[in-house]
Amino acid sequence: MKKSIQAFDSILDLVGNTPLIKLSKITQGLKGNFYGKVEAFNPGHSAKDRIALHIIEEAEKKGILKPGDTIVETTSGNTGFSIAMVGAIKGYECILAVSSKSSKDKIDMLRAMGAKVYVCPANVAADDPRSYYSVAQRLHEELKGSIYINQYFNELNIEAHYQTTGPEIWEQTNGKITHFIACSGTGGTISGTAKYLKEQDSSIRVLGVDAYGSVLKKYHETGEFDKNEIFPYRIEGLGKNLIPTATDFSVIDKFTKVTDEAAAHAARELAKAEGLFLGYTSGAVFQAIRQFEAEGEFDKNSNVVVLFPDHGSRYMSKIYSDDWMKEQGFFDNVNIEKSNEVEY
Ligand code: PMP
């Protein structure tokens, strides 16, 4: 019998089904068992492949997206990369409005994937005509035959994780998961995954990670949108200066906030200790493990799954650049020798 060719139709067949990896070294001394859901294994190297594919295919099913049409989005980079990847394969134009806070690597990558990129100022209000929300909305209105992904306000963002990330984690842990920790940006990842997991076992604790400078934690605790919480910060993709409807706050039990500095060092530790070369928010999640552990969240029987959103290659000019770390003052309190930094 002839052997058939073992090939995928396209890389879109490889979206999702990412591995769960035990974190052994960096969690030594912490109570509990810790596992990383490593989203960098998606073909576009982030969790955003899941929502890009889901939202685009739902639009195709509804007949509102036809070959040659345009996809418009606001994005910190990852969603844009995933949209551009799906668009390239399916034959759509992509126009992306990104924040000037996004790393140069991310913007160059979007252009490499064939997307048109508009860089908009980071620290203006969402309703300012220069903000990336306003720019994307305007482009969508002006362009006939375009769809606006609108990830912060799109229910399908939650649904993508409800249908894929949640069931994968439930299966990979054989239902033994006790805690789920994830970053909140649009909130799609944490909300969709948590909704599925809590439907299987309502005792699973869902812990969110927010940034200093963002409104999410305070809003979760008080129901109040507090503008005083807002100030510029470095971590990209985590936290927000508005309340996204793609976040279901009712399935999140608790938030913690992490600093730019702690998250940057944590990401560097993950690479050195576990061989996991991941993004800035993965460092934030790892830092959050320590903070939640210190708050007494876990015991020795806890099976804690943390979601690592993207790959480290997107942050070469930031957290993986010693010069950048120095410029931020992130090495000021570090014993260089002890931290394994070698000066050449
Ligand atoms: N980490 C990174 C690097 C991201 O780009 C995002 C998305 N903004 C998140 C975390 C947060 O994921 P979500 O939008 O699903 O809350």
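Here is how the numbers come out for the structure above:
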{"quantity": "Residue in the stretch 78-104 that is farthest from the ligand (Cβ to nearest atom), counting only those that are in a loop (DSSP other than H, G, I, E, B) and under 25 Å from residue 240 (Cα atoms)", "calculated": "100"}
{"quantity": "Selection from the stretch 39-57 of residues that are touching a residue at least 24 places away in the same chain (Cβ under 8 Å) and not small (Gly, Ala, Ser)", "calculated": "39, 42, 43, 45, 48, 49, 50, 51, 53, 54, 55, 56"}
{"quantity": "Extreme residue, farthest from the ligand (Cβ to nearest atom), among residues of the stretch 271-284 that are within 19 Å of residue 331 (Cβ to Cβ) and crowded, with 24+ Cβ neighbours inside 10 Å", "calculated": "283"}
{"quantity": "Single residue of 106, 144, 101, 62 found to be open to solvent by 10 Å² or more (accessible area, probe 1.4 Å) and in contact (Cβ under 8 Å) with a residue 12 or more places away in the chain", "calculated": "101"}
{"quantity": "Extreme residue, surrounded by the most Cβ atoms within 10 Å (Cβ to Cβ), among residues of the stretch 221-270 that are more than 19 Å from residue 194 (Cβ to Cβ) and of a type in the set (Lys, Arg)", "calculated": "268"}
{"quantity": "For residue 191: the one exception among (1) more than 16 Å from the ligand (Cβ to nearest atom); (2) in contact with a helix residue (DSSP H, G or I) (Cβ under 9 Å, 6 or more places away or on another chain); (3) not basic (Lys, Arg); (4) not in a loop (DSSP other than H, G, I, E, B)", "calculated": "(1)"}
{"quantity": "Top-ranked residue of the stretch 65-77 - restricted to ones that are within 16 Å of the ligand (Cβ to nearest atom) and in a loop (DSSP other than H, G, I, E, B), ranked as least open to solvent (accessible area, probe 1.4 Å)", "calculated": "77"}
{"quantity": "Neighbours by Cβ (under 7 Å, 6+ apart or cross-chain): first from the stretch 173-198, at pLDDT below 95; second near the ligand (Cβ under 7 Å from one of its atoms) and part of a loop (DSSP other than H, G, I, E, B)", "calculated": "none"}
{"quantity": "Single match in 18, 74 (criterion: of a type in the set (S, T, N, Q), in the same structural domain as residue 285 (by the TED database) and in contact with a helix residue (DSSP H, G or I) (Cβ under 6 Å, 6 or more places away or on another chain))", "calculated": "18"}
{"quantity": "Qualifying residues in the stretch 109-121 (those that are aliphatic (A, V, I, L, M), out of contact with any strand residue (DSSP E or B) (no Cβ under 7 Å at 6 or more places or on another chain) and without any contact (Cβ under 8 Å) to a residue 60 or more places away in the chain) - the one surrounded by the fewest Cβ atoms within 10 Å (Cβ to Cβ)", "calculated": "112"}
{"quantity": "Within the stretch 298-314, tally of residues that are crowded, with 22+ Cβ neighbours inside 10 Å and more than 25 Å from the chain's Cα centre (by Cα)", "calculated": "0"}
{"quantity": "Qualifying residue in the stretch 315-333 (condition: modelled with pLDDT under 95, over 30 Å from residue 110 (Cβ atoms) and open to solvent by 80 Å² or more (accessible area, probe 1.4 Å))", "calculated": "yes"}
{"quantity": "Cβ-Cβ under 7 Å pairs, at least 6 apart or on other chains, the stretch 122-137 side not assigned by the TED database to the domain that holds residue 239, far side at pLDDT below 85 and basic (Lys, Arg)", "calculated": "122/101"}
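The values are calculated or read from the model by the stated rules, or taken from the named source; none is laboratory data. For clarity, every value in this text was computed on a predicted model and none was experimentally measured. Here the Cβ is made from the backbone with ideal geometry for all residues, glycine too, and neighbour counts use every protein chain on show. Just so you know, the surface numbers come from the protein's heavy atoms only, side chains and all, with ligands and any DNA or RNA stripped out. Shrake-Rupley method; radii C 1.70, N 1.55, O 1.52, S 1.80 Å.
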